[in-house]
Amino acid sequence: MGYIELDLLEETTRKIVIGIDLGTTNSLPAIWRDGRPEVLRVEGEPALVPSVVNFPEEGPPLVGHAARAQAVVDPRHTIFSIKRFMGRGLADARADARSLPFEVSENENGVLQIDVRGRKITPPEISALILRRVIEQAEEAFGGAEVQSAVITVPAYFDDAQRQATRDAARLAGIDVLRIVNEPTAASLAYGLDQGDAGTVAVYDLGGGTFDVSILSIEEGVFGVLATAGDTHLGGDDFDAALVDLMREELARDLPEEDLDDPAFLQAARLAAEKCKIALSGSPAHDLALSLPSSGTTWRRTVTREEFEQRIAPLVERTLDACRRCLSDAKLRADEVDEVVLVGGSTRVPAVRAAVEKLFGRPPHTGLDPDQVVALGAAAQAQVLMGGTRDILLMDVTPLSLGLETMGGAVAKLIERNSRVPCSHTEGFTTYVDGQTAIDFHIVQGERELAEDCRTLGRFRLSGIPPMAAGMARVAVRFHIDADGVLTVTAKEQTSGVAAEIECKPMHGLTDEEVEEMLAAGFENAQADFDARRVADLKAELGTMLRAVDKNQETARKQLDRETLEDLEEATQAARKAREGNDLDALVRSRDRLEQASQPLAAVLMDAVVKEAVTGKKLEDV
Ligand code: ADP
Ligand code: MG
């Protein structure tokens, strides 16, 4: 009897599949219901779950609003923005870790750990707590259903390790991941842009602590990411900070400095600033108010929208710069973008909307709530993956080029950056030495020309190649990136059939900064790399010229007058000296000088050749 009851219970527990926006600042669940996506919220409670975890002295961790409320009284045990640390090691995260009131270390696998109340906890574990809270909200909102699996969104620039860490968090939270989907793609899905006739979509996402912009292409229902750009340390928090600065400037007259630097004061100031900022999105002026516990009074000051907008103008301008960069990466003009989508709570600021509209020359989509649009899109995608009707294919993009180190330390790029995934590319390699039975492969990621300047993703060895003459082995190396962005490299020697494979899952991913830095370095160093090649070319050219002069020493000594000969000898010496160094200018100068000084010799030689051809006639007579 008992068994039957249990079975019945099992059957009546409805299992649901949802979409989750796992954000840096806020997270949110949504589900597809009655032909459209809707946010899952509990009546009378806010929809967004702050991505904040507080570890109290006793009892289980607090998550969401409860944790955020603790930030003022217990800043030392309250964790914000854990998303920044997902899939990253200590070295990657150092810069961000400095702003944390926690000790951070690394476990033996290179995974970052945060020391909270004597316990070491990893970012995926903290994310799992947030996910758990989001799932509970979904289950409650859906009347006691059970979340079985979810589509979870991540920024388009998230690398392998960061996506993997997100999967780990879901596993820890006890759900299956149906698919990891890029946030901008999800936002476009929420607006149904996959169904219209838009060719290109710009998604401008300004959240709490990060900004990113993506340009997507939609062709016959197929989604691709053409380019992404952004700033991982720019968002609504910086708008708050602008108002906190204003408070500190004015309070500096009345309060001692140590009060202004007190973590609890700063936390309270930040919350007051955010409140005022949010109000200013809806009204032309609002009071910035802060109770000062030291004096028991409340400090108050009216801020106009205009004043606020002036203070944040440089920040908004920085987002526009990133948009321009993104457009240029996508090789598009602003007016070639068909649709503009706004994502993230900070796009509610009227000045931000206006700036984006002006840059792209068209009004952005604002029909959906900008802080819900990603979760709604994730729910739409979950519906598709569960066999729903919308027929779309998602494609994402690799943030950096992928390749192999070749002989001499250069990089053979197999997959260019901003390539759509899933994708694959195969290239042929061979042996360099007779009888060579193994080849070592070094897989790198980055935009630089030399392997040592790129990031190592992995190394593997293809062994068991039958001995043959150098260059005879035919090794096909295939790079494959799957829909989740995981790279698999396979190498196969064609004549013997020996093969090796490696799945590139780095311990901890690239930092966002690192991606940006590596991208920037690629552009900055393009000049340096170019110069290095020029130097090599010039040295080769000088070598040829010097050999030619050497070969014709006899003729030079016999036929040139003393002055010309001396000039040539000096130029030759200078060229030999320049050839020993790597000074591009010196090489160019000595090449030009040698060219000029060897003109008379060249003329004599030419004369001789012509004389030979036109027998008996002098050059002047021809
Ligand atoms: P994330 O994607 O980083 O998790 P969200 O998209 O939820 O973040 O955006 C959070 C940010 O949006 C916060 O900085 C918050 O203050 C800001 N925000 C929310 N509502 C408004 C509003 N009405 N006006 C201005 N900023 C807002
Ligand atoms: Mg977001």
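Quick one: which residue in Val72, Val53 is modelled with pLDDT of 85 or more, among the β-branched types (Val, Ile, Thr) and assigned by TED's automatic domain parsing to the domain that holds Gln381? So that I can check it myself, show each step before the final result.
Details: Val72 fails: modelled with pLDDT of 85 or more.
Unique residue meeting the criteria: Val53.
Please give the number of the condition Phe142 fails out of (1) among the aromatic types (Phe, Trp, Tyr); (2) within 20 Å of Glu183 (Cβ to Cβ); (3) open to solvent by less than 60 Å² (accessible area, probe 1.4 Å).
(2)
For segment 178-211, give me each residue that is assigned to a strand (DSSP E or B) and open to solvent by less than 30 Å² (accessible area, probe 1.4 Å). Talk me through it step by step, then tell me what you get.
First pass over segment 178-211, keeping only residues assigned to a strand (DSSP E or B): 178-182, 200-206, 211.
Across segment 178-211, the qualifying residues are Ile180, Val181, Asn182, Thr200, Val201, Ala202, Val203, Tyr204, Asp205, Leu206, Phe211.
Can you tell me which residues in segment 402-431 are among the charged types (D, E, K, R) and part of a strand (DSSP E or B)? Walk me through how you get there before you give the answer.
Taking segment 402-431 first, the residues among the charged types (D, E, K, R) are 405, 413, 416-417, 420, 427.
Across segment 402-431, the qualifying residues are Glu405, Lys413, Arg420, Glu427.
Any residue that is in contact with a strand residue (DSSP E or B) (Cβ under 8 Å, 6 or more places away or on another chain) and aromatic (Phe, Trp, Tyr) - is there at least one of those in segment 297-315? It would help to see each step written out before you state the result.
In the first step, residues of segment 297-315 are kept if they are in contact with a strand residue (DSSP E or B) (Cβ under 8 Å, 6 or more places away or on another chain); the result is 297-305.
Of the ones still in play, those that are also aromatic (Phe, Trp, Tyr) are 299.
Scanning segment 297-315, I find at least one residue that is in contact with a strand residue (DSSP E or B) (Cβ under 8 Å, 6 or more places away or on another chain) and aromatic (Phe, Trp, Tyr), so the answer is yes.
Glu220 - would you say it is under 28 Å from Asn182 (Cα atoms) and without any contact (Cβ under 8 Å) to a residue 12 or more places away in the chain?
On the way: under 28 Å from Asn182 (Cα atoms): yes; without any contact (Cβ under 8 Å) to a residue 12 or more places away in the chain: yes.
It is true that Glu220 is under 28 Å from Asn182 (Cα atoms) and without any contact (Cβ under 8 Å) to a residue 12 or more places away in the chain.
Has segment 332-339 got at least one residue that is more than 14 Å from ligand 1 (Cβ to nearest atom), open to solvent by 80 Å² or more (accessible area, probe 1.4 Å) and either in contact (Cβ under 8 Å) with a residue 12 or more places away in the chain or of a type outside the set (S, T, N, Q) (or both)?
Of segment 332-339, the ones more than 14 Å from ligand 1 (Cβ to nearest atom) are 332-339.
Add one more test, that the residue is open to solvent by 80 Å² or more (accessible area, probe 1.4 Å), and what stays is 333, 335.
Within this subset, residues satisfying the condition of being either in contact (Cβ under 8 Å) with a residue 12 or more places away in the chain or of a type outside the set (S, T, N, Q) (or both) are 333, 335.
Looking through segment 332-339, at least one residue is more than 14 Å from ligand 1 (Cβ to nearest atom), open to solvent by 80 Å² or more (accessible area, probe 1.4 Å) and either in contact (Cβ under 8 Å) with a residue 12 or more places away in the chain or of a type outside the set (S, T, N, Q) (or both).
If you take the residues of segment 359-387 that are among the small types (Gly, Ala, Ser), over 14 Å from Gly35 (Cα atoms) and surrounded by fewer than 22 Cβ atoms within 10 Å (Cβ to Cβ), which of them is farthest from the chain's Cα centre (by Cα)?
Gly367
Taking into account only those residues within segment 12-58 that are away from ligand 1 (no atom under 16 Å from the Cβ) and among the β-branched types (Val, Ile, Thr), which is surrounded by the fewest Cβ atoms within 10 Å (Cβ to Cβ)?
So the residue we want is Thr12.
Would you pick out the residues in segment 196-234 that are on the phi > 0 side of the Ramachandran plot and within 13 Å of ligand 2 (Cβ to nearest atom)?
Result: Gly230, single match.
When you check Leu565 against the structure, is it surrounded by 14 or more Cβ atoms within 10 Å (Cβ to Cβ), touching a residue at least 24 places away in the same chain (Cβ under 8 Å) and either in a helix (DSSP H, G or I) or not assigned by TED's automatic domain parsing to the domain that holds Val535 (or both), yes or no?
Numbers: surrounded by 14 or more Cβ atoms within 10 Å (Cβ to Cβ): yes; touching a residue at least 24 places away in the same chain (Cβ under 8 Å): no; either in a helix (DSSP H, G or I) or not assigned by TED's automatic domain parsing to the domain that holds Val535 (or both): yes.
So Leu565 fails the test.
Restrict the check to segment 308-319 and report whether at least one residue is within 30 Å of Ala330 (Cα to Cα), in contact with a Ser or Thr (Cβ under 8 Å, 6 or more places away or on another chain) and β-branched (Val, Ile, Thr).
Taking every residue of segment 308-319 in turn, none turns out to be within 30 Å of Ala330 (Cα to Cα), in contact with a Ser or Thr (Cβ under 8 Å, 6 or more places away or on another chain) and β-branched (Val, Ile, Thr).
Give Ser149, Ser127 a once-over and let me know the one that is in the same structural domain as Arg167 (by TED's automatic domain parsing), hydroxyl-bearing (Ser, Thr, Tyr) and assigned to a helix (DSSP H, G or I).
On the way: Ser149 fails: assigned to a helix (DSSP H, G or I).
Every option except Ser127 fails the conditions.
Among the residues of segment 442-481, which ones are under 13 Å from Ala499 (Cα atoms) and within 25 Å of the chain's Cα centre (by Cα)?
Filtering segment 442-481 for residues under 13 Å from Ala499 (Cα atoms) gives 460-466, 473-478.
Hit for segment 442-481 is Arg478, nothing else.
Can you give me the number of residues within segment 432-462 that are in a loop (DSSP other than H, G, I, E, B) and either buried (at least 21 other Cβ atoms within 10 Å of the Cβ) or touching an Asp or Glu at 6+ places or on another chain (Cβ under 9 Å) (or both)?
At the first step, the residues of segment 432-462 found to be in a loop (DSSP other than H, G, I, E, B) are 432-437, 446-449, 454.
Cutting the leftovers down to either buried (at least 21 other Cβ atoms within 10 Å of the Cβ) or touching an Asp or Glu at 6+ places or on another chain (Cβ under 9 Å) (or both) gives us 446-449, 454.
Residues in segment 432-462 being in a loop (DSSP other than H, G, I, E, B) and either buried (at least 21 other Cβ atoms within 10 Å of the Cβ) or touching an Asp or Glu at 6+ places or on another chain (Cβ under 9 Å) (or both): 5 in total.
Condition first: within 16 Å of ligand 2 (Cβ to nearest atom) and in contact with a strand residue (DSSP E or B) (Cβ under 8 Å, 6 or more places away or on another chain). Can you find one or more residues in segment 321-341 that meet it?
Residues of segment 321-341 that are within 16 Å of ligand 2 (Cβ to nearest atom), as a first pass: 322, 341.
Within this subset, residues satisfying the condition of being in contact with a strand residue (DSSP E or B) (Cβ under 8 Å, 6 or more places away or on another chain) are 322, 341.
Yes, there is a match, as at least one residue in segment 321-341 is within 16 Å of ligand 2 (Cβ to nearest atom) and in contact with a strand residue (DSSP E or B) (Cβ under 8 Å, 6 or more places away or on another chain).
The values are calculated or read from the model by the stated rules, or taken from the named source; none is laboratory data. From a predicted model like this one, the values you see are computed outputs, not experimental measurements. Neighbour counts are summed over all protein chains in view; Cβ atoms, including those assigned to glycine, are modelled from backbone coordinates with ideal geometry. When the accessible area is computed, the model is the full protein with side chains, heavy atoms only, and any ligands, DNA or RNA have been set aside. Shrake-Rupley method; radii C 1.70, N 1.55, O 1.52, S 1.80 Å.
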